[in-house]
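Worksheet for the structure shown next.
The values are calculated or read from the model by the stated rules, or taken from the named source; none is laboratory data. Keep in mind it's a predicted model, so treat the numbers as computed, not measured. Cβ atoms come from the backbone with ideal geometry, glycine included; neighbour counts cover every protein chain shown. Please note that ligands, DNA and RNA were not included when accessible areas were found on the heavy atoms of the full protein model with its side chains. Shrake-Rupley method; radii C 1.70, N 1.55, O 1.52, S 1.80 Å.
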Amino acid sequence: MTLPRVGRTLALYKPYGVLPCFTDVQGRPTLSAYLNVPDVYPAGRLDLDSEGLLLLTSDGRLAHRITDPRHHLPKVYLVQVERVPDVAALAKLEGGVVIAGTRTRPAQARLLPTPPSLPERPIPIRFRKHVPTAWLELTLREGMNRQVRRMTAAVGHPTLRLVRLAIGPITLGELQPGQWRDLSAQEVAEMAHS
């Protein structure tokens with residue numbers, strides 16, 4: 001399937017504590033503080049307390065391709081969790097866990113040997129002296145509401161920090177929180193064929 005490039009598509013590093021929209025009646029921080037590009041809208045969500053890659057586009061067909069789980073577009077996350085997951089917990093994440101009566105699709109879960117190099121978060125995670133933390137790399141091919149957090153909690157390892165690294169072939173790269181860039185025509189074409 002070929003999706004010709006229509007309009008504009010951006011990659012943004014959504015900071016922690018920012019809503020993935022342009023206005024908020026409660027006055028909370030939104031994307032409008034970071035970009036002023038007309039007619040682009042988020043293709044998918046990234047919760048207020050999550051950070052990382054958010055794609056915005058003016059191309060409705062591309063937005064549908066990015067967000068529709070039938071396309072199985074992989075989304076890669078770095079997840080800091082409480083305690084160190086064992087092999088059984090990782091296997092449960094990979095096999096799928098039941099959330100609100102629905103089993104999640106199989107995922108890829110990998111325990112990272114060392115913490116990733118990430119920008120500091122404006123509000124540090126809570127520190128508990130006697131509760132160690134660990135970092136996972138999770139790759140999902142669906143997008144249930146707060147899925148990563150609900151999955152890690154279901155296997156006994158609540159999420160403390162969540163950073164989305166990639167959506168399909170598009171990665172954060174060198175972007176820092178609040179920074180954005182235009183996707184090239186080639187990147188948009190790769191997204192359409194992922």
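Tell me, yes or no, whether region 107-117 has at least one residue that is open to solvent by 30 Å² or more (accessible area, probe 1.4 Å), part of a helix (DSSP H, G or I) and at pLDDT 95 or above. Checking region 107-117: not a single residue is open to solvent by 30 Å² or more (accessible area, probe 1.4 Å), part of a helix (DSSP H, G or I) and at pLDDT 95 or above.
Please specify each residue of region 159-186 satisfying the condition of being open to solvent by 40 Å² or more (accessible area, probe 1.4 Å) and in contact with a strand residue (DSSP E or B) (Cβ under 7 Å, 6 or more places away or on another chain). Give the steps one after another, and end with the answer.
Of region 159-186, the ones open to solvent by 40 Å² or more (accessible area, probe 1.4 Å) are 165, 169, 171, 173-174, 176-177, 179-182, 184-186.
Passing the criteria: Leu165, Thr171, Gln176, Pro177, Gln179, Trp180, Arg181, Asp182.
Which count do you get for residues in region 72-94 that are assigned to a strand (DSSP E or B), charged (D, E, K, R) and out of contact with any Asp or Glu (no Cβ under 9 Å at 6 or more places or on another chain)? Outline the logic, then answer.
Just the residues of region 72-94 that are assigned to a strand (DSSP E or B), to begin with: 75-82.
Adding the requirement that they be charged (D, E, K, R) leaves 75, 82.
From what's left, out of contact with any Asp or Glu (no Cβ under 9 Å at 6 or more places or on another chain): 82.
Qualifying residue count, region 72-94: 1.
Within the option set Pro42, Pro29, Pro20, Pro15, being in contact with a helix residue (DSSP H, G or I) (Cβ under 7 Å, 6 or more places away or on another chain) and under 25 Å from Gln147 (Cα atoms) holds for one residue only, Pro20. Within region 46-64, being open to solvent by 20 Å² or more (accessible area, probe 1.4 Å) and either more than 13 Å from Leu162 (Cα to Cα) or touching a Cys at 6+ places or on another chain (Cβ under 6 Å) (or both) holds for Ser58, Gly60, Arg61, Ala63, His64.
Is it the case that region 38-45 has a residue that's open to solvent by less than 20 Å² (accessible area, probe 1.4 Å) and in a strand (DSSP E or B)? Step through it out loud before you land on a result.
Of all residues in region 38-45, those open to solvent by less than 20 Å² (accessible area, probe 1.4 Å) come to 40, 43.
Retained after the next criterion (residues that are in a strand (DSSP E or B)): none.
No, there is no match, as no residue in region 38-45 is open to solvent by less than 20 Å² (accessible area, probe 1.4 Å) and in a strand (DSSP E or B).
Being over 15 Å from Leu78 (Cα atoms) and more than 18 Å from the chain's Cα centre (by Cα) is the requirement here; does Gly156 meet it? Against the criterion (over 15 Å from Leu78 (Cα atoms) and more than 18 Å from the chain's Cα centre (by Cα)), Gly156 qualifies. For region 127-141, the criterion of being assigned to a loop (DSSP other than H, G, I, E, B) and either surrounded by 13 or more Cβ atoms within 10 Å (Cβ to Cβ) or among the polar types (S, T, N, Q) (or both) is satisfied by at least one residue.
Residue count for region 12-45 under the criterion of being within 17 Å of Arg164 (Cβ to Cβ) and of a type outside the set (A, V, I, L, M): the result is 11. Condition test on Ile99, is it closer than 18 Å to Ser50 by Cα, modelled with pLDDT under 95, among the β-branched types (Val, Ile, Thr) and more than 17 Å from the chain's Cα centre (by Cα)? For Ile99, the condition - closer than 18 Å to Ser50 by Cα, modelled with pLDDT under 95, among the β-branched types (Val, Ile, Thr) and more than 17 Å from the chain's Cα centre (by Cα) - is not met. Of the residues examined, Leu55 is not one that is in a loop (DSSP other than H, G, I, E, B), in contact (Cβ under 8 Å) with a residue 12 or more places away in the chain and aliphatic (A, V, I, L, M).
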